[in-house]
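Throughout, read-outs are computed from the coordinates displayed, never taken from laboratory work. Predicted model only: the values in this text are computed from it and were never measured. Cβ coordinates were reconstructed from backbone atoms using ideal geometry, including for glycine residues, and neighbour counts include every protein chain displayed.
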Amino acid sequence: MSLKKTELRDYLVGFALVLTMVGVATWLHDYEIILPEIAALTTGMWIYHKQDWVRQPIKIFLAPSGTAVIGFVINLLPLNYPTKVVLTLLLILVLLRGLRSTLAPSFATGLLPIIVNATHWSFIVAIFAFTLILMAGVWLRGLHRGIPAGKPLNYRHMALFLAAGSLWTGLVWLSGNPQMAAIPPVLVVFFETLQQPAYGGKMALKHIVALSGAATIGVLVHLLFASWLLTTLISLPLVFILLTVLRLKLPAAYAFPLLALVLPANMFRHLPIAALLAASFFLGIVFVYKQVANRRRYATESE
């Protein structure tokens, strides 16, 4: 895939922002400043210009920051890991419904403090700072102009999302792997595909390959290079190549290499298989749900 000058510029600027974030974290020796979903947000907004992400710039700050605060506070409560995950998902849905936002990466920023056990306010400061930068970039470039305001979340989609998330959390908890309850990039894609009118098997398969492949890239590169900056510098272009081969624009995939940097040791090596299983589970549900919904619609129209 050849890049135009404007696309190349957007990639370089976005890449520079992510490297800056990792550089600051390295300088301060604070892994809580590394926010994997900032890579996805940067790609989706500044590079892909996703309409459902840039339509209301103020929510670029409000939604991810709000969910990050939710996750941060819940992480401090004396609850077990699965309960924290499900409660966070519920409150994120409530917040997004109230904001009339479908900004899917908000799930990732909300779950991250639970996954990495964030306890320092540097996490919240970093979220506020980088989402403000992203919002300013969208505003200054006028990427939101001419895009109509979004609709509130569909209650049916909210219920299905929460039910699937709770079921997955229960399954991995019973299997003795509660740390697999929250794989943020997978949940982001799950939420986004739920909003689409149709979702075919071929696209589901490509998404599964992209997500598990990006997770594998992140883990393997970090095993070879212990440096946060070097891992980021090498792995993000490799994810770009993977998505180019698959002919996909999937911002969530760019979060995996950074997620590999901040995961606890008991989650790190299992990330590729966890991503594969979670993506197959959640995107399989979307595929089946869309097939059933479309058949019902066609049956109704033919009567």
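Some notes on this structure:
- Lys, Arg +1 and Asp, Glu -1 on Cβ, resulting dipole of the chain about Cα centre, debye, nearest 20: 860
- Annotation for region 113-172: chymotrypsin sites (Phe, Trp or Tyr not before Pro) lying in DSSP loop with at most 11 further Cβ atoms inside 10 Å of their Cβ are Trp121.
- Among 114-120, 90-96, the peptide with the highest mean count of other Cβ atoms within 10 Å heads the list, and the full ranking is 90-96, 114-120.
- A simple spin-label model places the labels of Leu224 and Phe128 4.0 nm from each other, with each point 7 Å out along Cα-to-Cβ.
- Selected from Ala126, Ala68, Ala252 as most flexible by GNM, with the chain as the system and alpha-carbon contacts under 10 Å: Ala126
- Just checking the listed ones, Pro82, Pro36, Pro185: in the Gaussian network model of the chain with Cα springs under 10 Å, the one fluctuating most is Pro82.
- Part-to-part distance (alpha-carbon centres) for region 168-197 and region 240-303, which is given in Å: 9
- Mean residue ellipticity at 222 nm, helices only, the chain: -24500 deg cm²/dmol; runs of at least 4 DSSP H residues each add -39,500 (n - 2.57), and the sum is divided by the number of residues.
- Long hydrophobic helices in the chain, taken as whole DSSP H segments with a C-alpha length of 18 Å or more on their own axis and mean Kyte-Doolittle hydropathy at least 1.6: 81-99, 122-141, 228-246.
- FRET E, pair Leu167, Thr83, Förster distance 22 Å, beta-carbon r, rounded to 0.05: 0.90
- Scaled to the globular estimate 2.2 N^0.38 Å, the Cα spread of the chain, given as radius of gyration, is 0.95.
- Average Cα contact separation per residue, the chain, under 8 Å, 6 or more apart, as relative contact order %: 23
- Between Ile58 and Ala198, the contour length at 0.36 nm per residue exceeds the alpha carbon distance by 47.5 nm.
- Formal net charge of residues neighbouring Thr119 (Cβ-Cβ distance under 13 Å; K, R +1; D, E -1): -2
- Using the average count of surrounding beta-carbon atoms within 10 Å as a protection proxy, the listed peptides 140-148, 198-206, 59-67 rank, highest first, as 59-67, 198-206, 140-148.
- Put a dot 7 Å past the Cα of Trp121, heading toward its Cβ, do the same for Asn154, and the two dots end up 4.2 nm apart.
- Cross-link table Lys4/Lys202; Lys4/Lys59; Lys59/Lys151; Lys50/Lys84; Lys50/Lys151; Lys5/Lys206, entries beyond 20 Å C-alpha to C-alpha: Lys4/Lys202; Lys4/Lys59; Lys50/Lys84; Lys5/Lys206
- Pairwise label distance in nanometres, Leu76 with Lys5, each label 7 Å out on the Cα-Cβ vector: 5.1
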